[in-house]
Amino acid sequence: MLTLKDVHAGYGGGDVLQGLDLSVVPESVTCVLGPNGAGKSTVLRVVSGLLKPRQGTVSLAGERIDRLTAPQVLSKGIAQVPQTGALFPRMSVRENVLMGGYLIRRQRKLLEERYSAVADLVPLIAERPGAPAGNLSGGQRRMVEIGRSLMLDPSVILLDEPSLGLDPRSISAVAALINGMRERGKTVLLVEQNVRLGLSLSTHGVVMEGGRVRLHGTAEEITDHPEIASLYLGALEPNG
Amino acid sequence: MTQALQTIALGLLIGGVYALMAAGLTLVFGIMNIVNVAQGAFLVLIAMLTWKAWQLTGLDPILLALATTPLMFGLGWLLYRLVVVRVRGTTPAMSMLLTFGIALTIEGLLNLTAGNYFRSATPSYFAQSFHIGSIVLPKAQVYGCLAALLVLGLLYLVLNRTWTGRAIRATAQNPSGAALVGISASSVAALSFAIGTATAGTGGSILSVLYPFFPASHYEWIARLLGIIVLGGMGSLRGAWVGAIILGLAETITATYGSPRWATLVFYAVILLVLLVRPHGLFGTRLREDVAT
């Protein structure tokens with residue numbers, strides 16, 4: 001179980017997260033929703049160790065991880081795919097994916113096994129291993145980023161707006177990957193602006209507002225909740 | 001014809017040595033956004049140490065690079081951990097101020113301990129040459145260039161065939177992406193700075209034979225090296241290669257067909273022209289963000 005308790009965190013100009021409490025059910029896909037500025041991406045950054053909380057705790061299976069560095073969090077089995085480009089543009093697709101296994105680089109056999117497994121999951125990696133990552137389209141980059149995050153066989157995967165800027169075909173490919181993760185028992189914490197898509201991929205939903213959790217439940221409960229419509233509208237208003 | 005070939009051969013030999021000296025500078029800038037203006041002072045420091053060791057022991061000055069290169073690797077690592085780390089993440093201007101301070105300290109210490117006059121190591125082959133047909137290649141320049149190419153080859157292998165090199169390249173291309181896969185930014189930075197200064201180890205030993213030097217020679221060297229990497233594109237190793245070869249050729253061609261005193265001017269004129277057409281140098285990228293997203 002991934003648990004955040006009373007988390008306060010921000011970027012120097014006040015706290016974005018203001019006493020956030022959140023429990024992510026193991027082997028679930030949890031979608032974090034909310035208007036712009038609610039702190040959705042900040043939750044992922046706090047979990048992955050890229051942002052240290054000012055107050056509160058983050059724990060995985062009862063063990064505190066909020067004081068660990070990002071590489072240490074990664075070695076605990078939590079991988080993050082951020083919103084913007086995470087690839088190395090002048091490295092090939094294969095090199096990029098292999099870099100995902102940086103922490104197991106000395107276990108060559110395991111590294112190759114993982115690479116084959118990831119290439120099976122993401123056909124692009126098998127088809128164009130030598131292509132420079134900088135030449136890929138947005139959708140292709142996303143697939144490689146997700147593939148790379150699976151190299152350490154993480155138990156928890158943090159996905160920040162995986163559908164952002166993608167065409168419908170790429171979105172269905174990303175959706176298929178997320179469904180595949182759920183089937184293989186991974187815990188996925190997903191931030192998504194596309195509410196309909198996000199909830200359709202998820203088992204659970206969390207609605208955030210003002211740096212706190214406003215609603216938490218199964219995906220069906222969140223979808224059917226009477227307040228959701230108004231919150232969605234709030235998210236769609238300019239500067240909302 | 002012979003004169004032209006002779007000039008080009010000498011230009012390439014000199015260019016190879018310049019390439020090594022500039023590689024360390026551009027590597028450190030590419031990965032850390034740090035302009036290490038102490039690189040020239042590191043070269044002169046090592047040239048002085050090499051000269052002293054050659055005087056005392058008679059050992060070959062270029063072979064002494066086997067000792068000076070690891071020495072500079074260690075010194076670079078220490079300097080990074082103790083001093084340079086403090087300007088990490090600030091502007092390149094801050095790094096220039098800091099490394100300029102390091103350069104002045106080295107110059108001052110050399111003035112105090114070694115005195116302010118020209119030196120040059122002159123091993124037995126100093127005045128000898130290889131003759132290939134009608135082309136004459138001074139042995140010292142050939143050995144110097146070979147040593148430089150060897151170290152550049154090793155650097156290439158480390159950067160492209162080892163995990164350490166991949167981590168360095170990954171950090172240079174996308175620091176936040178590198179953090180996401182578990183690469184420690186501080187370790188990579190210390191290592192890169194150490195590798196950058198280690199190239200000054202080999203470079204300095206070669207310099208002690210090929211060029212007369214004195215403590216304040218570092219101004220002339222850092223100007224040359226900065227010129228090379230600006231021409232090639234700041235942060236680009238390939239650019240440092242091409243910039244170094246152009247400088248080597250510009251110097252020898254101008255010296256042969258004009259006068260040595262015009263050599264530096266011609267090189268800077270080339271830089272000016274290239275920057276007019278390509279403001280980011282021959283192989284420079286506009287902004288790291290452009291390629292990272």
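Please give the contour-minus-distance gain from residue B:156 to residue B:129: 0.36 nm per residue of separation, less the Cα-Cα distance, rounded to one decimal in nm.
Here the answer is 6.8 nm.
Taking the Cα of residue A:83, stepping 7 Å toward and past its beta carbon, and measuring to each backbone N in the range A:40-77: which are under 20 Å?
Of the residues in the range A:40-77, A:40-54 have backbone N under 20 Å from the label point off residue A:83.
Calculate, for residue A:90 and residue B:66, the FRET efficiency according to 1/(1 + (r/R0)^6) with r their C-beta to C-beta distance and R0 35 Å; round to the nearest 0.05.
Computed FRET efficiency for residue A:90 and residue B:66 comes out at 0.60.
Using only the Cα atoms of the protein assembly as shown, what semi-axes does the equivalent ellipsoid have when each is the square root of 5 times a gyration tensor eigenvalue? Give whole Å, largest first.
Semi-axes from the Cα gyration tensor: 54, 23, 20 Å.
Taking chain B as a Gaussian network, where each spring joins two C-alpha atoms under 10 Å apart, which residue of B:248, B:101, B:24 fluctuates the most?
Highest fluctuation among the options: B:101.
Over all alpha-carbon pairs of chain B, lay out the pair-distance distribution in 10 Å bins, whole %, shortest bin first.
7, 28, 36, 22, 7, 1
When Rg is the radius of gyration of the Cα atoms in the range B:89-217 and Rh is its Kirkwood radius, what does Rg/Rh come to?
Answer for the range B:89-217: 1.09.
In Å, what Rg and Dmax follow from the Cα atoms of the range B:193-293?
Cα-based Rg and Dmax for the range B:193-293 come out at 15.1, 48 Å.
Quick check: net charge around residue A:26, other residues with Cβ under 12 Å of its Cβ, Lys/Arg +1 and Asp/Glu -1?
Here the charged neighbours net out to +1.
Can you give the percent of C-alpha pairs in chain A whose distance is more than 34 Å?
Percent of Cα pairs beyond 34 Å in chain A: 13.
Percentage of Cα-Cα pair distances in the range B:45-117 greater than 18 Å, rounded to whole percent?
Considering the range B:45-117, 53 percent of its Cα-Cα pairs are separated by more than 18 Å.
Net charge near residue B:124, counting Lys/Arg +1 and Asp/Glu -1 over other residues with Cβ under 15 Å of its Cβ?
Overall, the nearby charge balance is 0.
Pull up the cross-link candidates among the lysines for residue A:186, meaning alpha carbon to alpha carbon under 28 Å and not fewer than 8 places away within one chain.
Cα-Cα hits under 28 Å: A:5, A:40, A:52, A:76, A:109.
Excluding ligands and nucleic acids, what accessible area in Å² is computed for residue B:52 using a 1.4 Å probe, to the nearest 10?
Residue B:52 has an accessible surface of roughly 110 Å² with all protein chains in place.
Let me know the Rg and Dmax you get for the range A:101-240 when you use only its Cα atoms, in Å.
Every Cα atom of the range A:101-240 included, Rg and Dmax give 17.2, 53 Å.
Run through every distinct alpha carbon pair of the range B:1-149 and return the Kirkwood hydrodynamic radius in angstroms, one decimal place.
For the range B:1-149, inverting the mean 1/r across all distinct Cα pairs yields 17.4 Å.
The values are calculated or read from the model by the stated rules, or taken from the named source; none is laboratory data. Remember, predicted model here, so these are calculated numbers, not experimental data. So basically every Cβ, Gly included, is an ideal-geometry build from the backbone, and we count neighbours across all protein chains shown. With ligands, DNA and RNA removed, areas are computed over all heavy atoms of the protein, side chains included. Shrake-Rupley method; radii C 1.70, N 1.55, O 1.52, S 1.80 Å.
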